[in-house]
Ligand code: NAP
């Protein structure tokens with residue numbers, strides 16, 4: 001049983017599609033249920049269902065966690081994919097702090113909220129794979145070289161810190177938590193000139209979502225290889 005947030009389009013949709021192809025039952029999370037259901041039709045696989053989940057809205061997250069727990073009693077894979085990139089400047093001195101706040105609420109707190117809701121369900125079965133979809137913009141090494149969308153970038157650095165902390169908290173359980181960067185991908189967020197397809201962007205997330213029990217935890221990966229924080 002897998003849940004992918006923000007899966008009605010882009011990389012999230014491709015992750016949902018590929019997990020379904022691998023015989024997982026998939027809940028395709030979408031903040032707009034009509035868009036989620038349209039995406040399910042696009043996948044045309046019997047084992048995918050849409051569910052409303054707005055990662056900034058605690059009540060939609062709690063309702064979904066209760067439903068998954070009562071209907072299935074388990075969640076094996078959580079892919080925190082939903083995110084926004086709404087920066088209007090590359091300079092932190094010029095960043096509109098309302099944009100920064102909303103970006104952190106979605107990209108960091110949203111993923112954190114999902115982990116808080118679903119880790120207890122994973123613990124029940126002592127099994128879980130959590131994939132936090134981060135970005136090269138979340139690498140401190142990259143920030144040292146380049147100024148880029150500060151609110152988005154800080155949200156992904158923080159998401160990486162959350163990955164490390166969760167991995168540490170969950171060490172000794174069979175719940176593995178990792179961050180990944182999809183690279184620059186052709187989606188609404190990435191734009192049409194990005195070099196990578198959604199298939200390439202989704203690959204490392206699929207790998208991390210299906211790790212064996214002795215797989216890594218608390219790492220940051222791109223193209224299935226460790227990258228610098
Ligand atoms: P995208 O095409 O813009 O899709 C973003 C998805 O997130 C949409 O389904 C959107 O839903 C959803 N979303 C936004 N806010 C949400 C909320 N509050 N609750 C639930 N869903 C929400 O982006 P993408 O390119 O596929 O990006 C997917 C992930 O990869 C993101 O984490 C992004 O930061 C990361 N990433 C992308 C690239 C790239 O080049 N594309 C590079 C590095 C990292 P709506 O349709 O309702 O808006």
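Could you tell me whether the range 179-187 includes any residue that is in contact (Cβ under 8 Å) with a residue 60 or more places away in the chain, within 11 Å of the ligand (Cβ to nearest atom) and assigned to a helix (DSSP H, G or I)? Among the residues of the range 179-187, not one is in contact (Cβ under 8 Å) with a residue 60 or more places away in the chain, within 11 Å of the ligand (Cβ to nearest atom) and assigned to a helix (DSSP H, G or I), which makes the answer no. Scanning the range 132-177 for residues that are assigned to a strand (DSSP E or B) and within 14 Å of the ligand (Cβ to nearest atom) turns up 132, 133. Figure legend. Inter-residue proximity from the range 29-46: first residues without any contact (Cβ under 8 Å) to a residue 60 or more places away in the chain, second residues in a helix (DSSP H, G or I) and more than 10 Å from the ligand (Cβ to nearest atom), beta-carbon distance below 6 Å, spacing 6+ or different chains. Indicated pairs: 43/17; 45/20. How many residues does the range 115-135 contain that are out of contact with any strand residue (DSSP E or B) (no Cβ under 8 Å at 6 or more places or on another chain) and within 19 Å of residue 180 (Cα to Cα)? Qualifying residue count, the range 115-135: 1. Scanning the range 1-39 for residues that are away from the ligand (no atom under 12 Å from the Cβ) and farther than 22 Å from residue 182 by Cα, we see that the one that is nearest to the chain's Cα centre (by Cα) is 1. Please determine whether any residue of the range 69-88 is crowded, with 24+ Cβ neighbours inside 10 Å, away from the ligand (no atom under 15 Å from the Cβ) and either over 28 Å from residue 174 (Cα atoms) or modelled with pLDDT of 95 or more (or both). Looking for residues that are crowded, with 24+ Cβ neighbours inside 10 Å, away from the ligand (no atom under 15 Å from the Cβ) and either over 28 Å from residue 174 (Cα atoms) or modelled with pLDDT of 95 or more (or both), one finds at least one in the range 69-88, hence yes.
The values are calculated or read from the model by the stated rules, or taken from the named source; none is laboratory data. As the structure is a computational prediction, the values presented were derived from the model and not from experiment. Note that each Cβ is placed from the backbone with ideal geometry, even for glycine, and that neighbours are counted across all protein chains shown.
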